[in-house]
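To start, the structure itself, in structure tokens.
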Amino acid sequence: MRVLLLTLFCLTLTAQDIAVRAEKLYTVSGAMITDGVIIIQKGKITAVGKASDIQVPEGMKVLRHKVAVPGLIDGHSTVGFSGLLNQPHDQDQVERSAPMQPELRAIDAYNPKDPLVRFLSNRGITTVHTGHGPGALISGQTLIAKTFGNTIDETVMVPEAMIAATLGDSIRNTEGKAPGTRSKAMAMLRSELLATQDFMKKRRVAKSGQEPDRSLRMEALIQVLRRERPLLITAQKSIDIMGALRLAKEFNIQLVLDGASDAHLLIQEIKTSGVSVIIHPLMTYPRGEMENMNLETPSLLQKAGIPFIFQSGYEAYVPKTRVVLWEAGMAAGNGLSFDQTLYAVTLGAARLLGIQGRVGSLEVGKDGDLALFTGDPFEWTTRCTGTIINGRLVSDGEALKD
Amino acid sequence: MNKTLLSALLIGTCLGLLAQERPIAFTNAYIIPVEGTDLTKGTLLIKGGKIIALGSNVLIPAEADVKDMKGQILMPGIVDSHSHIGSGEGADGSAPIQPEIRISDSINVENTSIRRAQAGGLTTVNVMPGSGHLLSGQTVYLKLRSGHTIDELAFEKTAGGYLGGMKMANGTNSRRSAGNFPGTRAKSASLVREQFIKAQAYQAKIKAAAGDASKMPARDLGMEALVEVLEGKRTVHHHTHRHDDIVTVLRLQKEFGFKVVLHHVSEAWAVADQIKAGGNNVIGASIIVVDSPGGKLETKEVRFSNGASLEQAGVLTGFHTDDPITDSRWFLRAGALAVRYGMSRQEALKAMTLNNAKLLGLDQRVGSLVVGKDADLVVLSGDPFSVYSKVQETWIEGRRVFNRLDPSDRKFATGGIGAAIDTVNHDALLEDESEDL
């Protein structure tokens, strides 16, 4: 009996049957549907189309909203790691005891109950790529999670997403420890990857019983060298972006460029390299390494055919998190079309993160994740009126009293 | 070239610098005067740096330069009641109370932060000394004219310097564990109280001297500035976040009677009625809109609905950028987000312009498009509160200081190489633990 009850409870938590009828339904994978209906059963989308063509099953709850889009995807965040309070006890995005710690797993530190996770889900963000942040040469691993759930197990989609690295001024050690310079940082990364190659070789040629001792650090980097996991390199300045591209070429790594505020100066180089970009939050204050940042970078990347997505990034102070919906909106206001912007914050993000089989568009078979709005989602005065994750209405959106 | 012609040219140039002589007529515009109703096809006529006519049927002088603004929106120049553009340096770490400090001594008017503010449509800005003090010095009200010196940008020169207010703060902002800085809230209030009592005594000595120079107290720059505060000639701009800290400001205001504007007010939603009940010298509140709560404990209960709460309570409400905390280029977004969370559109537009002008006591000159006021205006491509709208032009006293069609101006709106150089002190402000928010 207890087992049965538990099973039922889990089902209600993760899977619900619900229909949404919207004046404008953006599937992203196809054209916008005027007066559209989407049906979600057992957490998955089972039908999408014009209201006149879709038969809503008898008794199914129908929510009516102005605009429905796929649940929004934050391309890179530290939410759940860099908590609301910004006190030592809720800041787990960077471990500073050593410059390179690829073995640090994100699932060991993610707090799905941090109020900022809820803050984001109230604004239509249903999936976040989050984890160890910029600020160490290799800070650790990242994960991909839904923004609703009590435990990591309930919420996580991809427990081991990428390995996060950083180049540039923010990792410079001024106390006589390495890395103290850009060249030193590059040399350290190279040496580490060479050591990993050496470790792989030793394992391969070792006779049974004589294998090298396990190394969590090497095991994490082996995945990078085998192109099983991307290396996410946060690099803002041209020299650091070029360093990242060079490293990726040398080791045949699947690189994802993060931040890249000088990307608008290196369009050709980035295009040739074939890498994707998770562009910095556009509303970051232009200063320091980011003094050249340009609101029109997304539209330049788009024109060049370089895959890119948006992010909320890491914030050390106020605001403690940005909102990827609003960051994307700034691109829509600066040359990127509405459709291109919506794509980048939904299906484009899903593809770049490798989760397009489950989320990113409103297609039959995908997770029932939706964001509902009073109008154009990117408009400053539009409010989110509901968020659905796995078919469950997890939020009524932004409250007027927020 | 003969001397007379040269002189004539020189005089002509000087006059040109001083005032815009040829009238300019902006026609065919959707005009939001902020005071009065919107005009769908209005004409705004300006001359000599002032607004001389506004309406649907304005007689345009033959010599006027006519600008057809079809499809564009005209609104008053935006006023920012709290900013740190110009990379100024205020009080240092030597003491928690430094009223003698003048931010005007350290502003670099060539700093690109000022160009970016122009690109955001800002025309009048209260530049404050930065932070981490109970009282960090005298602020300066700037007009963001094109110029090379603080004299050219000052809103108005006064006998003692430039028009401005006095920056104060409470809560955790001014607490430090070292030196003679306060370690608790009660100590903070006590130090401020002590200082104002001292200023009252200084004021009494001046009064007793009755103009007799031999009886005057020794000059004290800090005391002189605080006497201006006590006499209501210099408004206190008070950083305060938590509900109890807001109420503490109201208490000190009552004790000493100074004019005060409450800044940031993260928990205004909790004490909006108390702010309203503060009386005439509690001029109003200026809100910062940040994208999420937290990051700093005092802002963990901040609400986007502060604008709506203050409007409902009838408090004179403005907004500020606190640049670099938020970016001057999209300052209009602050008002837009307040509308998103329940503030009326009309009041939010007012807050960005006329209300901010009132908070600075400059509403006789700026804040609305009214005949007689300064010809400070913003040309927008669309709805001021839309993410898709662009500031096309910014005008101050009849001169265009930003034109998006000019690539050398445009970069200050979009960013790119050279758009954000010279921000050294901005960096310091952002990295300082006791920074200004």
Residues of region B:165-202 that turn out to be over 26 Å from B:S104 (Cβ atoms), of a type in the set (V, I, T) and assigned to a helix (DSSP H, G or I), as a count: 1
Selected residue (only one of A:L342, A:L352 is away from chain B (no Cβ under 11 Å), in a helix (DSSP H, G or I) and in contact with a Ser or Thr (Cβ under 7 Å, 6 or more places away or on another chain)): A:L352
Any hit, region A:68-77, residues being farther than 19 Å from A:G391 by Cα, out of contact with any Pro (no Cβ under 8 Å at 6 or more places or on another chain) and free of Cβ contacts under 8 Å to residues at least 24 places away in the same chain: no
Positions within region B:68-112 being of a type in the set (S, T, Y) and surrounded by fewer than 20 Cβ atoms within 10 Å (Cβ to Cβ), in sequence order: B:S94, B:S106
Selection count, region B:308-327, where residues are under 17 Å from B:G367 (Cα atoms) and within 12 Å of chain A (Cβ to nearest Cβ): 1
Only listed residue being among the hydrophobic types (A, V, I, L, M, F, W, C), more than 17 Å from the chain's Cα centre (by Cα) and over 16 Å from A:F378 (Cα atoms), chosen from A:I278, A:I233, A:I253: A:I253
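One line per residue, one yes/no per condition, for (1) within 15 Å of the chain's Cα centre (by Cα); (2) surrounded by 21 or more Cβ atoms within 10 Å (Cβ to Cβ):
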residue	(1), (2)
B:R333	no, yes
B:M343	no, yes
B:Q346	no, no
B:N355	yes, yes
Tally, over region A:283-313, of residues that are more than 7 Å from chain B (Cβ to nearest Cβ), assigned to a loop (DSSP other than H, G, I, E, B) and closer than 17 Å to A:P134 by Cα: 4
Out of B:K167, B:K215, B:K187, B:K207, sole residue that is over 29 Å from the mean Cα position of the chain (by Cα) and surrounded by 13 or more Cβ atoms within 10 Å (Cβ to Cβ): B:K187
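Take region A:226-240 and flag every residue that is part of a loop (DSSP other than H, G, I, E, B) and charged (D, E, K, R).
A:R226, A:R227, A:E228, A:R229, A:K237
Yes/no matrix, rows are residues, columns are (1) on the phi > 0 side of the Ramachandran plot; (2) modelled with pLDDT under 95; (3) within 20 Å of the chain's Cα centre (by Cα):
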| site | (1), (2), (3) |
| --- | --- |
| B:K300 | no, no, no |
| B:R303 | no, no, no |
| B:N306 | no, no, yes |
| B:S309 | no, no, no |
| B:G314 | yes, no, no |
| B:T317 | no, no, yes |
| B:D322 | yes, no, yes |
| B:T326 | no, no, yes |
| B:W330 | no, no, yes |
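Kindly indicate which of B:N108, B:N126, B:N180 is over 25 Å from B:D376 (Cα atoms) and touching a residue at least 60 places away in the same chain (Cβ under 8 Å).
Matching residue, one of B:N108, B:N126, B:N180: B:N180.
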Top-ranked residue of region A:178-232 - restricted to ones that are among the β-branched types (V, I, T) and within 16 Å of A:L104 (Cα to Cα), ranked as surrounded by the fewest Cβ atoms within 10 Å (Cβ to Cβ): A:I222
Subset of region A:257-282 that is of a type in the set (A, V, I, L, M) and not in a helix (DSSP H, G or I) - its residue that is nearest to A:A328 (Cα to Cα): A:L282
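Tell me which residues, restricted to region B:293-307, are at the interface with another protein chain (Cβ under 7 Å from one of its Cβ atoms) and under 11 Å from A:K401 (Cα atoms). Write out each step before concluding.
Start the filter on region B:293-307 by keeping residues that are at the interface with another protein chain (Cβ under 7 Å from one of its Cβ atoms), which leaves B:293-297, B:299-300, B:303-305.
Those that are at the interface with another protein chain (Cβ under 7 Å from one of its Cβ atoms) and under 11 Å from A:K401 (Cα atoms): B:R303, B:F304, B:S305.
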Some residue of region A:369-379 being polar (S, T, N, Q) and either outside the structural domain of A:T126 (by TED's automatic domain parsing) or under 13 Å from the mean Cα position of the chain (by Cα) (or both): yes
Cβ pairs under 8 Å, 6+ apart, first in region A:205-221 and farther than 13 Å from A:E192 by Cβ, second part of a loop (DSSP other than H, G, I, E, B) and aliphatic (A, V, I, L, M): A:P212/A:A206
In region A:318-334, residue surrounded by the most Cβ atoms within 10 Å (Cβ to Cβ) [restricted to those that are at the interface with chain B (Cβ under 7 Å from one of its Cβ atoms) and within 14 Å of the chain's Cα centre (by Cα)]: A:T321
Sole residue being more than 10 Å from chain A (Cβ to nearest Cβ) and either modelled with pLDDT of 95 or more or part of a loop (DSSP other than H, G, I, E, B) (or both), chosen from B:S368, B:S386: B:S368
Residues satisfying the stated conditions in region A:20-55, i.e. closer than 18 Å to A:R392 by Cβ and not in a strand (DSSP E or B): A:K42, A:G43
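Please report, ordered by residue number, the strands (runs of 3 or more DSSP E) entirely within region A:361-402 with at least 1 residues that are touching a Phe, Trp or Tyr at 6+ places or on another chain (Cβ under 8 Å) and closer than 16 Å to A:V345 by Cβ.
Working: elements: A:370-373, A:384-389, A:392-395.
So the answer is A:384-389.
Tell me whether region B:357-365 contains one or more residues that are within 29 Å of B:G398 (Cβ to Cβ) and basic (K, R). Write out each step before concluding.
First, pick out the residues of region B:357-365 that are within 29 Å of B:G398 (Cβ to Cβ): B:357-365.
Still in the list and also basic (K, R): B:358, B:365.
Within region B:357-365, one or more residues are within 29 Å of B:G398 (Cβ to Cβ) and basic (K, R).
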Every residue from region A:38-53 that is free of Cβ contacts under 8 Å to residues at least 24 places away in the same chain and either hydrophobic (A, V, I, L, M, F, W, C) or surrounded by 15 or more Cβ atoms within 10 Å (Cβ to Cβ) (or both): A:I39, A:G49
Test: residue in region B:249-270 that is of a type in the set (V, I, T) and over 22 Å from the mean Cα position of the chain (by Cα): no
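Within region A:256-269, take every residue that is crowded, with 23+ Cβ neighbours inside 10 Å and more than 13 Å from chain B (Cβ to nearest Cβ) and give me the one that is farthest from the chain's Cα centre (by Cα).
Among residues in region A:256-269 that are crowded, with 23+ Cβ neighbours inside 10 Å and more than 13 Å from chain B (Cβ to nearest Cβ), the one farthest from the chain's Cα centre (by Cα) is A:A260.
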Some residue of region A:381-397 being in contact with a Cys (Cβ under 8 Å, 6 or more places away or on another chain), surrounded by fewer than 23 Cβ atoms within 10 Å (Cβ to Cβ) and either within 14 Å of chain B (Cβ to nearest Cβ) or under 20 Å from B:F304 (Cα atoms) (or both): yes
For B:A338: the one exception among (1) outside any helix (DSSP H, G or I); (2) in contact with a helix residue (DSSP H, G or I) (Cβ under 6 Å, 6 or more places away or on another chain); (3) within 14 Å of chain A (Cβ to nearest Cβ): (1)
Residue match in region A:52-63 (condition: under 23 Å from A:R123 (Cβ atoms) and within 14 Å of chain B (Cβ to nearest Cβ)): no
Matching residues in region A:222-245 - criterion: being without any contact (Cβ under 8 Å) to a residue 40 or more places away in the chain and among the charged types (D, E, K, R): A:R226, A:R227, A:E228
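The values are calculated or read from the model by the stated rules, or taken from the named source; none is laboratory data. It should be emphasised that the depicted structure is a prediction, and the values quoted were computed from it without experimental measurement. Ideal geometry is used to build each Cβ from the backbone, glycine not excepted, and the neighbour counts take in all protein chains shown.
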